[in-house]
Amino acid sequence: MERSITLKDTAALALGAGILGTGGGGNTYVGQIWLENELRQQGVPCRLIDADDVPDDALLCASGTMGAPTVSNERLMRGDEFAVGMRALEAHLGRKFDAMMCGEIGGANALKPIIGALQLGLPIVDGDPMGRAFPELQMDTFAIGGLSITPMALVDPHGNVVILRHMDTPVRTEQYARSLTIEMGGSAALVMPVITGQQMKKTLIRGTMSLAQRLGEAVLAARANGTDTAEAAAALGNGRVLFRGKIVDVERRTVQGFARGRLLMSAFGDPDDTLEIVFQNENLVAWRNGEVVATVPDLICILGHDDGEPIGTESLRYGLRAAVLGLPAPRELKTPAALAVVGPAAFGYDDVVFAPLPGDLL
């Protein structure tokens, strides 16, 4: 079934993508404004198609931004980087792409592929390989499923293009691409991987673009009705509210192309009841009074307590009143093969055991 993404969809889509970003993926306000401008300029909506409607022999590619959100939010792109990267890969391959995909449904990276699709006149598939946002390239179901994530293209705001034709492992691809991104100023447009329709159908987490829009619509409806925005988002995402309180401490630094740090919250009415969260672009592990309450790959989402607006790790600051949600990860991220790549140990937390939240995100 083919649907369309129009101007009236952007507010809900951006809001839901911000929630699924678990603190990362880039600022959705900037992404929303950019997408709305592109929709007005093109004068047509973006076609959104189901994975099953893509022919097996079709050629697809995903796109997004690589780098630290603390950099990408301040370093605006010129606007055509994703199209430039796609055309460079088409010239390299000697073949046109038939459709685009979202590289991660979290944050502004859920919106930027739509911009590229509009510029190239291509449809975008309803799904992504993460079901959230992750900080490293190997942390998606394409790589976990054994697909090569090269060739790939990186594009900087000056129009410079680098194509990595072949890399032997996804981890080495991440290392090389991260170094290039840092040399490009800490943020760059990323176009990868190149896959067929058949490969996409075997590895994609389906329906996440629609899920993001429904999440945003649920929060907007709760605002309009004066009901609890955090509870509305938690219910739609099959999760629960983990904590409510005020941020009392934040440590954040930009290191090796990532925004890394920790935050501490104290509960409303009980300053001795605390929640600590560590992050690497995205929120990774949450401890309440020293006990783990949620960890990757489950989603730890921080929302404004009064309006349900998602708060990115680059925007955390002392005094913010927030609700913290725990949403279960998609089932595709909870296999042994996936947990080896996106579980706590993959981020250096060897002493943290993944105890999944009940249910699945989708």
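Rule-based calculations on the coordinates, nothing more; no lab input. Here the structure is a predicted model, which is why all the values come from computation and not from measurement. Backbone-built Cβ (ideal geometry, glycine too); neighbour counts: all protein chains shown.
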Value of relative contact order over the chain, rounded to a whole percent, pairs C-alpha under 8 Å and six or more apart
20
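Taking every pair of distinct Cα atoms and averaging 1/r, then inverting, what Kirkwood hydrodynamic radius in Å comes out for the chain? The partial results should precede the final answer.
Working: mean 1/r = 0.0499 Å⁻¹.
Result for the chain, one decimal place: 20.0 Å.
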Computed about the Cα centre, the charge dipole of region 274-362 from +1 Lys/Arg and -1 Asp/Glu charges at the Cβ has a magnitude in debye, to the nearest 20, of 80
Helix-derived mean residue ellipticity, 222 nm - over the chain, DSSP H n ≥ 4, -39500 (n - 2.57), to 500:
-9000 deg cm²/dmol
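Between ALA337 and THR6, how high is the FRET efficiency from 1/(1 + (r/R0)^6) when r is the Cβ-Cβ distance and R₀ = 35 Å? Nearest 0.05.
Details: r = 38 Å, r/R0 = 1.08.
Step by step, r from the Cβ atoms, then E = 0.40.
Estimate the FRET efficiency between LEU93 and ALA221 by the formula 1/(1 + (r/R0)^6), using the beta-carbon distance for r and 51 Å for R0, to the nearest 0.05.
The value I calculate is 0.70.
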Distance (nanometres) between label positions extended 7 Å along Cα→Cβ at TYR29 and ASP50:
3.8
Can you give the Rg/Rh ratio of region 228-347, where Rg is from the C-alpha atoms and Rh is the Kirkwood radius?
0.96
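Sort 177-184, 334-341, 266-273 by packing, meaning the average of other beta carbons within 10 Å per residue, with the highest value first.
Values: 177-184: 18.1, 334-341: 15.0, 266-273: 11.9.
Packing proxy ranking, top to bottom: 177-184, 334-341, 266-273.
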Once a ≥ b ≥ c are taken as the square roots of the eigenvalues of the Cα gyration tensor of region 194-250, is the result rounded (a/c under 1.5), prolate (a/b larger than b/c) or oblate (a/b not larger than b/c)?
prolate
How long, wide and thick is region 86-169, going by the Cα atoms along their three principal axes, in whole angstroms, largest first?
32, 29, 26
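How much of the pair distance distribution for region 2-206 lies past 25 Å, counting alpha-carbon pairs only, in percent? Walk me through the numbers before you get to the answer.
Values: 5613 of 20910 pairs.
So the portion of pairs separated by more than 25 Å is 27 percent.
Placing +1 at every Lys and Arg Cβ and -1 at every Asp and Glu Cβ, with all other atoms neutral, what dipole size does the chain have around its Cα centre, in debye to the nearest 20?
On the way: 31 positive and 43 negative charges, 91 e Å.
With only Lys, Arg, Asp and Glu charged at Cβ, the dipole is about 440 debye.
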Run the simple label-point estimate for LEU180 and ARG253 please: 7 Å along Cα→C-beta, distance reported in nm.
2.8
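Going by how many other beta carbons lie within 10 Å of each one, how would you line up GLU174, GLU282, GLU136, fewest first?
Values: GLU174 20, GLU282 29, GLU136 23.
With the sparsest Cβ surroundings first, the list reads GLU174, GLU136, GLU282.
Among the listed pairs LYS8/LYS334; LYS8/LYS201; LYS202/LYS246; LYS96/LYS201; LYS112/LYS334, which have their C-alpha atoms separated by more than 31 angstrom in this model?
Working: LYS8/LYS334 34 Å; LYS8/LYS201 29 Å; LYS202/LYS246 43 Å; LYS96/LYS201 19 Å; LYS112/LYS334 27 Å.
Those over the limit are LYS8/LYS334; LYS202/LYS246.
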Contour minus Cα-Cα span, ARG172 to ARG40, at 0.36 nm per residue, comes to 43.6 nm
Taking the C-alpha atoms of region 105-251, how large are the radius of gyration and the largest Cα-Cα span, Dmax, in Å?
18.2, 53
